[in-house]
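Below is one structure, written out as structure tokens; the observations come after it.
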Amino acid sequence: MIREFKREDLARVCEIEIESFPYPYPCQLFLLFYNLFPQLFLVVECGGMVVGYSVGTIERGEKGHLISIAIDRAHRGKGLGKALVKEFEARVRSLGVSRVVLEVSVKNEVALSLYKKLNYKVVSVLPSYYPNGEDAYLMLKELSQG
Ligand SMILES: CC(C)(COP(=O)(O)OP(=O)(O)OC[C@H]1O[C@@H](n2cnc3c(N)ncnc32)[C@H](O)[C@@H]1OP(=O)(O)O)[C@@H](O)C(=O)NCCC(=O)NCCS
């Protein structure tokens, strides 16, 4: 169900991105991430259709960065987001890296709930992180802590 992204998935990933975020990443940026860390760009399929993705990087060889994650509206609340984050963490770990960081809007209660359940801790507030002036939390997980 979870597999690595392929170039043919790009249009579908961008569709999900656009429906999920008020300020979506440009489609071409996904190819950049894919070229950098193909093994950290994951999609989740349901009935042969891509219904979600997560994309990330390793920074300075020392921390994983979950750049973005989104699930098609019709498929939310089924555990797919959690499964993607866990697979991302497993892949980061297999690359010898023991921590993951991410940014999340202070108003994104669903995502915050997901990350807290998975043991991510708020490290700091990033003021006006988003184009609309909204703040973000910088969150960190030490992978040794489950
Ligand atoms: C955030 C997102 C990826 C979660 O994916 P999902 O597949 O819907 O989440 P899951 O079904 O795996 O649920 C994981 C946890 O999220 C939380 N959650 C999920 N749906 C929720 C809801 N409607 N209300 C409150 N919390 C919710 C719960 O803590 C849940 O854990 P539980 O199942 O043990 O209760 C998804 O909602 C999404 O794509 N949102 C839009 C894009 C986005 O905000 N991305 C995150 C950017 S930082």
### Message
Can you say whether Ser144 is over 13 Å from the mean Cα position of the chain (by Cα), away from the ligand (no atom under 15 Å from the Cβ) and either assigned to a helix (DSSP H, G or I) or not small (Gly, Ala, Ser) (or both), as far as the supplied structure shows?
### Response
yes
### Query
Across region 111-131, which residue is farthest from the ligand (Cβ to nearest atom) among those that are under 21 Å from Ser144 (Cα atoms) and in a loop (DSSP other than H, G, I, E, B)?
Asn119
### Query
Within region 73-108, which residues are assigned to a helix (DSSP H, G or I), β-branched (Val, Ile, Thr) and over 13 Å from the mean Cα position of the chain (by Cα)?
none
### Query
Which condition breaks for Ala136 when tested against (1) hydrophobic (A, V, I, L, M, F, W, C); (2) more than 7 Å from the ligand (Cβ to nearest atom); (3) closer than 20 Å to Val13 by Cα; (4) touching a Ser or Thr at 6+ places or on another chain (Cβ under 6 Å)?
(3)
#### Entry: Restricting region 3-25 to residues that are more than 14 Å from the ligand (Cβ to nearest atom) and in a loop (DSSP other than H, G, I, E, B), the residue that is nearest to Ala111 (Cα to Cα)
Phe5
### Message
Exactly one of these conditions fails for Lys82: (1) closer than 19 Å to Lys116 by Cβ; (2) of a type in the set (Lys, Arg); (3) more than 9 Å from the ligand (Cβ to nearest atom). Give me its number.
### Response
(3)
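Please indicate, with yes or no, whether at least one residue in region 93-106 is of a type in the set (Asp, Glu), within 19 Å of Tyr25 (Cα to Cα), surrounded by fewer than 15 Cβ atoms within 10 Å (Cβ to Cβ) and modelled with pLDDT of 95 or more. Working first, answer last.
Restricting attention to region 93-106, the residues satisfying the condition of being of a type in the set (Asp, Glu) are 103.
Of the ones still in play, those that are also within 19 Å of Tyr25 (Cα to Cα) are 103.
Then keep just the ones that are surrounded by fewer than 15 Cβ atoms within 10 Å (Cβ to Cβ); that gives none.
No, because not a single residue in region 93-106 is of a type in the set (Asp, Glu), within 19 Å of Tyr25 (Cα to Cα), surrounded by fewer than 15 Cβ atoms within 10 Å (Cβ to Cβ) and modelled with pLDDT of 95 or more.
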### Message
With the structure loaded, tell me whether Ala70 is near the ligand (Cβ under 8 Å from one of its atoms), within 25 Å of Gly133 (Cα to Cα) and surrounded by 14 or more Cβ atoms within 10 Å (Cβ to Cβ) or whether it fails that test.
### Response
yes
### Task
Please state which of the following conditions Tyr53 fails to meet, knowing it meets all the rest: (1) among the aromatic types (Phe, Trp, Tyr); (2) free of Cβ contacts under 8 Å to residues at least 40 places away in the same chain; (3) assigned to a strand (DSSP E or B).
(2)
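The values are calculated or read from the model by the stated rules, or taken from the named source; none is laboratory data. Note that this is a predicted model, so its numbers are computed, not measured. For neighbour counting, all protein chains shown are included, and Cβ atoms are generated from backbone atoms with ideal geometry for every residue, glycine included.
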